[in-house]
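Quick notes on the structure that follows.
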Amino acid sequence: MKPFNPRGAACLLLAFFLLLLSACASDVSDTGESSGAATSDASSSSTSALASGIEALSNADSTHYAVFVAYPLDGREYVYQSSPMRSASMIKVFLLATAMERVQQGTLSLDQTLTLHSSDKVGGAGVIAGYASGTELPLDTVLRFMITESDNTATNMVIDLLGMDAINEYIQRNGYHDTILQRKMMDFDAVAAGRENYTSAADLGHFFVKLYNRSCVTPELDDVMLGYLAGQTDTECFPAALPGVMIAHKTGELGGLYDDGGIIYQEGKPFIMVGMTENYSSRSTAIETLRQMARVAAENASPASTESLEDFVVDKPIEWSAERENLTREYAELHYGKDTATIVPQAVVLHWTAGPTWESAYYTFYPAARADGTVNVSSQFLVDRDGTVYRLLPETTLARHVIGYNWCAIGVENVGGEGGAEDLTDAQVAANVRLIRALHEKYPTIQYVFGHYQQTAARASGLYIEQVEGYHSIKSDPGPSFMSAVRGQLSGEGLIFYPE
């Protein structure tokens with residue numbers, strides 16, 4: 001018997017909802033162009049109110065509560081009493097990510113089948129134990145049931161497929177230091193022997209933050225995981241607290257504990273939340289308290305910031321001289337038929353530097369001229385690996401960073417990408433999102449955002465101009481993963497990304 005395998009119904013729902021919600025290298029060739037923190041008073045007040053609300057609810061009964069809340073639009077994070085606790089079924093998200101990494105590496109496929117044996121079947125949550133022994137199940141189905149139904153038989157099949165050591169290696173390598181898998185589901189002998197599975201609110205919260213940013217495995221596989229989590233059938237806690245809100249989450253339950261955690265796509269004010277309990281005074285009290293905590297977190301979410309560039313940008317100007325201005329005008333006249341050294345911003349183009357430090361990029365861009373006597377490559381902004389944003393030129397000054405669009409595009413260089421490695425950081429994702437929002441607020445004429453490697457697809461914007469025949473380039477920066485992460489956080493904010 002082979003059950004129907006409808007891959008992605010939940011993924012499609014999630015993708016639809018997300019639509020509603022929300023380097024170029026320094027070694028430029030003759031046919032290329034350039035290579036590619038403080039919380040506001042209002043945010044501090046909101047975090048204080050969040051903490052007061054969570055702590056008051058926690059202290060209202062004898063249950064031990066641990067909570068993680070993160071607001072990705074403004075970078076706030078709140079952690080309460082996080083420590084290693086019995087994981088229950090929450091451990092399954094780490095199994096899922098390990099499997100997806102193996103899919104990304106090509107050693108597993110979501111289409112491959114696993115055979116259900118009678119020895120695989122265990123009790124507790126799930127539906128697969130009711131299937132006939134010998135049934136072949138696609139890995140996609142097994143993983144989906146492990147999450148949506150919290151299926152224990154499916155989970156044990158995944159543990160056997162991956163190996164417990166490999167799962168723990170993934171967990172530790174990715175910085176989840178409070179998390180460990182020591183037994184299979186429903187293994188009561190292991191529990192009696194003291195081998196329990198553990199995780200923490202902080203580890204789970206940081207996992208969901210990565211997933212929100214689509215920086216967990218790959219953007220495409222992260223979307224598959226989000227689809228599974230959005231199909232969660234246990235809706236007793238967070239979904240009941242916030243009816244009508246899209247939630248991609250996982251729950252867990254054992255004697256004395258109930259947990260819920262995931263991404264809450266509250267319109268305009270998304271947040272990540274994990275609530276864990278231990279030694280609860282009663283199941284109903286624990287769940288109702290977690291619901292109230294979710295409502296407090298929702299009330300203290302802030303919409304996307306409209307902060308100005310001056311709130312976070314560090315001015316670090318490169319040389320601007322009469323020579324550079326004249327060379328810029330010559331370049332604009334030759335390539336665009338425009339005698340100008342300024343722009344009206346209509347697009348933002350993201351790059352990587354293909355270098356290790358902001359200093360190496362800065363001093364590459366600093367001189368006025370290249371060796372061939374033409375204006376030097378540059379960008380208006382440079383983002384370090386820790387998220388620091390440097391302004392190299394005024395945003396209305398024409399910079400040479402992308403063929404065909406310099407006359408109307410602001411360039412943002414991100415430190416990294418040596419040897420073509422897609423290694424830009426989560427801090428750079430957040431900084432680029434913050435910068436693009438501030439630029440869009442300051443210059444409503446900006447409609448388009450694309451990566452250097454998307455310059456051909458972006459011709460659909462109608463902005464492309466190039467008068468020199470054969471003058472073009474093929475680029476790979478800043479990489480699809482980075483662009484997908486940036487696009488995911490700016491969805492629904494009035495910007496057009498390429499390719500659509």
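Short to long, the 10 Å bins of the Cα pair-distance histogram for the chain hold 4, 19, 26, 22, 16, 9, 4, 1, 0 percent of all pairs.
Cα centroid separation, segment 279-353 to segment 175-207: 38 Å.
Ordering Y228, Y131 by the number of other Cβ atoms within 10 Å of each residue's own Cβ, fewest first, gives Y131, Y228.
The peptide list 458-470, 210-222, put in order of mean Cβ contacts within 10 Å with the highest first, becomes 210-222, 458-470. Working value for segment 41-299: equivalent-ellipsoid semi-axes of 30, 20, 16 Å, each the square root of 5 times a Cα gyration tensor eigenvalue, largest first.
Taking a point 7 Å from the Cα of D339 along the Cα-to-Cβ direction, the residues of segment 306-327 with backbone N closer than 14 Å to it are 326-327. For segment 41-299, the relative contact order comes to 25 percent (Cα pairs under 8 Å, sequence separation of at least 6). Positive end of the dipole of the chain (Cβ unit charges, origin at the Cα centre): among F68, A125, A192, the Cα lying farthest that way belongs to A125.
Among W407, Y258, L162, whose Cα sits farthest toward the positive end of the charge dipole of the chain (+1 at Cβ of Lys/Arg, -1 at Cβ of Asp/Glu, about the Cα centre)? The listed residue farthest towards the positive side: Y258. Residues L254, L350, L393, arranged from fewest to most other Cβ atoms within 10 angstrom of their Cβ, appear as L254, L393, L350. Computed 3J(HN,Hα) for segment 87-96, one whole-Hz value per residue from the Karplus formula 6.51 cos²θ - 1.76 cosθ + 1.60 where θ = phi - 60°, is 7, 6, 7, 4, 4, 5, 5, 6, 5, 4, glycine and proline marked x.
Taken about its Cα centre, the chain carries a charge dipole of roughly 780 debye when the Cβ of each Lys and Arg holds +1 and the Cβ of each Asp and Glu holds -1. Give me the percent relative contact order of segment 244-381, please, defined on Cα pairs under 8 angstrom at least 6 residues apart. In percent, rounded to a whole number, it is 14. P84: net charge of surrounding residues, Cβ under 11 Å, Lys/Arg +1, Asp/Glu -1, itself excluded? Residues near P84 contribute -3 overall. Once you reduce segment 423-454 and segment 96-130 to the center of their Cα atoms, the two points are 38 Å from each other. In order along segment 244-251, the phi-based Karplus estimate (6.51 cos²θ - 1.76 cosθ + 1.60, θ = phi - 60°) of 3J(HN,Hα) comes to x, 9, 5, 9, 9, 8, 9, 10 Hz; Gly and Pro are listed as x. As a rough footprinting exposure proxy, the listed residues L435, L334 were ranked by other beta carbons within 10 Å of their own, and the order from fewest upward is L334, L435. Please report the antiparallel percentage of the DSSP beta bridges confined to the chain, to the nearest 5. Approximately 70 percent, going by the DSSP bridge assignments.
Each reported figure results from applying straightforward, stated rules to the coordinates on display, with no laboratory input. Everything numeric in this text was worked out from a predicted model, so none of it was measured. Note that each Cβ is placed from the backbone with ideal geometry, even for glycine, and that neighbours are counted across all protein chains shown.
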